[in-house]
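The values are calculated or read from the model by the stated rules, or taken from the named source; none is laboratory data. Since the structure is predicted, the reported quantities are computational estimates derived from the model, not experimental observations. Counting neighbours? That spans all protein chains shown, and the Cβs are built from the backbone with ideal geometry, glycine included. For the accessible areas, the whole protein counts, side chains as well, though only heavy atoms, and no ligand, DNA or RNA atoms are used. Shrake-Rupley method; radii C 1.70, N 1.55, O 1.52, S 1.80 Å.
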Amino acid sequence: MAKSKNKYYVVWAGHETGIFNSWAKCQLQIKGYRGAQFKGYENLDEAKRAFESDYQQAVSKARKPKLRAPEQLEGLAVDAACDGSPGNMEYRGVYLPEAVQIFHVGPVEMGNNNIGEFLAIVHALAWQKENKLNLDIYSDSRTAISWVRHQWIRSKLPHNKQTQKVWQMANRALNWLKQNPYQSKIIKWPTKDWGEIPADFGRK
């Protein structure tokens, strides 16, 4: 993963709120704070404008997907984001080609990106089964695609009290995979050719 370009961090909900000029300072405000709301920005002006609005408004604007894939492409695109490793993890799925969000889970404390990507794929499979669909599923994570195909989770995320919820979610998803055969193709999103996956959270 490329080094983050963010130099300023807005905290809307944390031990203290405001604009902080380093990830370390931001982390002090959100660590251990349930329901923390924060986002990074490359410059101070952007951070100030974001802080003047509310969290949902700022995040929704950042998440607006830009579809560069073929316009006729139909399927589900999934992605995850994690602030730190471990950190607050979330994932979502969008329907293509309109890039309409169909599910979003999180943030969940003490997760990591690979598990989030894995959960997103399995959630998409389960959603399709529930809705009697069989669409291609796109993910930009080779690791998560491999875990789904092999029906295993090979993560270094520790098993402890803090990560208990994430591991419960991961093991439940793994059990679903083993009990539910599926026909959908799971395809690696070609980021180099098509740009960021439409489900991207825009926090790189």
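Answer yes if at least one residue in the stretch 56-64 is surrounded by 13 or more Cβ atoms within 10 Å (Cβ to Cβ) and at pLDDT 75 or above, and no otherwise.
Keep residues of the stretch 56-64 that are surrounded by 13 or more Cβ atoms within 10 Å (Cβ to Cβ), which gives 58-59, 62-63.
Remaining after also requiring at pLDDT 75 or above: 58.
Yes: the stretch 56-64 contains one or more residues that are surrounded by 13 or more Cβ atoms within 10 Å (Cβ to Cβ) and at pLDDT 75 or above.
Any idea how many residues of the stretch 79-91 are more than 8 Å from the chain's Cα centre (by Cα) and either open to solvent by less than 10 Å² (accessible area, probe 1.4 Å) or modelled with pLDDT of 85 or more (or both)? Please lay out each step first, then the result.
As a first pass, look at the stretch 79-91 and keep what is more than 8 Å from the chain's Cα centre (by Cα): 83-88.
When the remaining residues are screened for being either open to solvent by less than 10 Å² (accessible area, probe 1.4 Å) or modelled with pLDDT of 85 or more (or both), the result is 83, 86-88.
Of the residues in that region, 4 qualify.
In the stretch 109-126, how many are at pLDDT below 95 and either open to solvent by 10 Å² or more (accessible area, probe 1.4 Å) or among the acidic types (Asp, Glu) (or both)? Lay out the reasoning, then the answer.
Initially, the stretch 109-126 is screened for residues at pLDDT below 95, giving 109-113.
Cutting the leftovers down to either open to solvent by 10 Å² or more (accessible area, probe 1.4 Å) or among the acidic types (Asp, Glu) (or both) gives us 109-110, 112-113.
Within the stretch 109-126, residues that are at pLDDT below 95 and either open to solvent by 10 Å² or more (accessible area, probe 1.4 Å) or among the acidic types (Asp, Glu) (or both) number 4.
So, in the stretch 17-51, how many residues would count as being within 30 Å of residue 161 (Cα to Cα), over 21 Å from the mean Cα position of the chain (by Cα) and open to solvent by 70 Å² or more (accessible area, probe 1.4 Å)?
Matching residues across the stretch 17-51 total 3.
Restricting to the stretch 150-183, name every residue that is crowded, with 17+ Cβ neighbours inside 10 Å and either in contact (Cβ under 8 Å) with a residue 60 or more places away in the chain or on the phi > 0 side of the Ramachandran plot (or both).
Passing the criteria: 157, 163, 166, 169.
Residues of the stretch 76-126 being over 21 Å from residue 14 (Cα atoms) and among the charged types (D, E, K, R), which ones?
Within the stretch 76-126, 79, 92, 98, 117 meet the criteria.
Checking the structure you have, find out if any residue of the stretch 143-153 is within 15 Å of residue 91 (Cα to Cα), within 14 Å of the chain's Cα centre (by Cα) and among the hydrophobic types (A, V, I, L, M, F, W, C).
There is at least one residue in the stretch 143-153 that is within 15 Å of residue 91 (Cα to Cα), within 14 Å of the chain's Cα centre (by Cα) and among the hydrophobic types (A, V, I, L, M, F, W, C).
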